[in-house]
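For reference, the structure is listed below as structure tokens.
The values are calculated or read from the model by the stated rules, or taken from the named source; none is laboratory data. Only a predicted model underlies this, so the values are computations on that prediction, with no experimental measurement involved. Glycine also receives a Cβ, built like all others from the backbone with ideal geometry; neighbour counts cover every protein chain displayed.
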Amino acid sequence: MAKDWVDVPLRITDKVGDFALWVGGRLLILSPLLVADTVEYVSACINSLARKFKESYTKILIVYDALPYGGMEGSKIVEVQAKRAEEIIAPINDVIAAIEGKQLMIIGNMGSGKSTVAQYIAYVIGGRVTVYEPEGTPDDWQGLEVIGKGEDFTAIDTAMEYDLEDLSSQIKLRTEKGDAGLANTDRVLIAEEFPELVNKCSNAEEWIDRYGRRGRKAKRFLILLSQFDRVSAWGLEGKGDLVDNFLKLRLGKVAVEHAKRLKSPELIQWLRAEKGRGLLDDEPVQLPPYREMVAVTKRLPLPALLSAETTLERAVTEDLDSSELALKRAIQLMRERGVGDSAIVKEVLGFKGSSYQQGKAELDKLVSS
């Protein structure tokens, strides 16, 4: 039986040699990568040390720069820097001129004043203005066509359907007669909290799509309001080209957040320094004084704006820039809408009974000045 066995030599030694050769080859191939990793790590260490050195040295420079001022406090130094930063901001001061002939979105958190701004724009531009407002009060939008109060979304949806037909008629008229055929046919359509209308009105998406693309040439202009600075909330997701047709007036915290996205500390600082500031697209805009805007939007019921002791004469002389300008604008708009001087004297200026003639004299003075 022993003769049946066959000797088979084990080749483990050869296998170990092959494996060692493979390991050596792999290390040789990896060596450039190891060198690159080492250089990268060393560079990162050097960058980190350089950054810490710069931070430390900058603090030394700040202390050194403060020596001529007796070691001025850091907070005061920052205040000086803030003034210097504000000097480089050149805001748009005439928002009406900046948005003329353009489609507009007004975006701001609750309480940022977007409704007041929209109402102010509506009264100043005049002409035919239609407002879609599901939650308005009787005091809002006085003298304008308001549709949808009391959450009547059906009325808004029906009106939007009419608007689409009206837009088609305007486009046809322009095709036949050119721009001259559209003279004095301008309309402004204002939609409060438009994202809600998108969810509640079946015509809203087509309405914004067609008006956004063709409204300007047809003399039809939109002012849309929202708390949300996201295209998805407006029903415009995937329609970046349509969004570009709108100017975006951002107010309050929304404006600050946009300035952060622009990585502009100067803009952030400027926006936070004072109320009544915003961004029109990426540009800073200074809105009119709040009192002036409220005066215009409320058609200037003067007794409600001024205390009982303050007379009209004092208001005009002490606050000439805002009160007189707002009074003149309101009176001009009311006259254009057919409101008589008697009603203006009694209801707007607040002169009744024996003081009526005094009020009439004040009105004449305002109009003629």
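Would you say S354 is outside the structural domain of Q103 (by TED's automatic domain parsing), in contact with an Asp or Glu (Cβ under 6 Å, 6 or more places away or on another chain) and at pLDDT below 70?
Judged against the criteria, S354 is not a match.
If I ask for residues that are aromatic (F, W, Y) and closer than 17 Å to M160 by Cβ, which ones from segment 111-137 would you list?
Y132
Could you tell me whether L167 is over 24 Å from L249 (Cβ atoms), assigned by TED's automatic domain parsing to the domain that holds N245 and not aromatic (F, W, Y)?
So L167 fails the test.
I need every pair where a residue in segment 116-145 that is surrounded by 17 or more Cβ atoms within 10 Å (Cβ to Cβ) has its Cβ under 6 Å from the Cβ of a residue that is in a loop (DSSP other than H, G, I, E, B) and small (G, A, S), sequence separation at least 6 or different chains.
Listed by first residue and then by second, the contacts come to Y132/G148; E133/G148; P134/G148.
Please state which of the following conditions G108 fails to meet, knowing it meets all the rest: (1) farther than 24 Å from V243 by Cβ; (2) surrounded by 18 or more Cβ atoms within 10 Å (Cβ to Cβ); (3) at pLDDT 85 or above.
Just one mismatch for G108, condition (1).
State whether the residues of segment 328-343 include one that is modelled with pLDDT under 90, among the β-branched types (V, I, T) and either part of a helix (DSSP H, G or I) or within 30 Å of F194 (Cα to Cα) (or both).
If we filter segment 328-343 for residues that are modelled with pLDDT under 90, which is where we start, we get 328-343.
Then drop every residue that is not among the β-branched types (V, I, T), which leaves 331, 339.
Now drop any that are not either part of a helix (DSSP H, G or I) or within 30 Å of F194 (Cα to Cα) (or both), which leaves 331.
Yes - at least one qualifying residue is present in segment 328-343.
Consider segment 174-193. How many of its residues are of a type in the set (A, V, I, L, M, F, W, C), assigned to a helix (DSSP H, G or I) and touching a residue at least 12 places away in the same chain (Cβ under 8 Å)?
As a first pass, look at segment 174-193 and keep what is of a type in the set (A, V, I, L, M, F, W, C): 180, 182-183, 188-191.
Next cut, assigned to a helix (DSSP H, G or I) only: 180, 182.
Next, only the ones that are touching a residue at least 12 places away in the same chain (Cβ under 8 Å) stay: 182.
Result for segment 174-193: 1.
Every residue in segment 213-233 that is touching a residue at least 60 places away in the same chain (Cβ under 8 Å) and either in contact with a Gly (Cβ under 8 Å, 6 or more places away or on another chain) or not in a loop (DSSP other than H, G, I, E, B) (or both), please.
R216, F221, L222, I223, L224, L225, S226, Q227, listed by residue number.
Just to be sure before I move on: is D94 surrounded by 14 or more Cβ atoms within 10 Å (Cβ to Cβ) and modelled with pLDDT of 80 or more in the structure I sent?
no
Under 7 Å between Cβ atoms, at least 6 apart or on separate chains: pull out the pairs that start in segment 34-51 with a residue that is in contact (Cβ under 8 Å) with a residue 60 or more places away in the chain and end on any residue that is surrounded by fewer than 10 Cβ atoms within 10 Å (Cβ to Cβ) and assigned to a helix (DSSP H, G or I).
Close Cβ pairs (under 7 Å, with a partner that is surrounded by fewer than 10 Cβ atoms within 10 Å (Cβ to Cβ) and assigned to a helix (DSSP H, G or I)) do not exist here.
Rundown of residues vs (1) crowded, with 21+ Cβ neighbours inside 10 Å; (2) under 14 Å from the mean Cα position of the chain (by Cα); (3) modelled with pLDDT of 90 or more, yes/no style:
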{"residue": "A218", "(1), (2), (3)": "yes, no, yes"}
{"residue": "L225", "(1), (2), (3)": "yes, yes, yes"}
{"residue": "R230", "(1), (2), (3)": "no, yes, no"}
{"residue": "A255", "(1), (2), (3)": "yes, yes, yes"}
{"residue": "K260", "(1), (2), (3)": "no, yes, yes"}
{"residue": "K263", "(1), (2), (3)": "no, no, yes"}
{"residue": "E274", "(1), (2), (3)": "no, no, no"}
{"residue": "V285", "(1), (2), (3)": "yes, yes, yes"}
{"residue": "R291", "(1), (2), (3)": "no, no, no"}
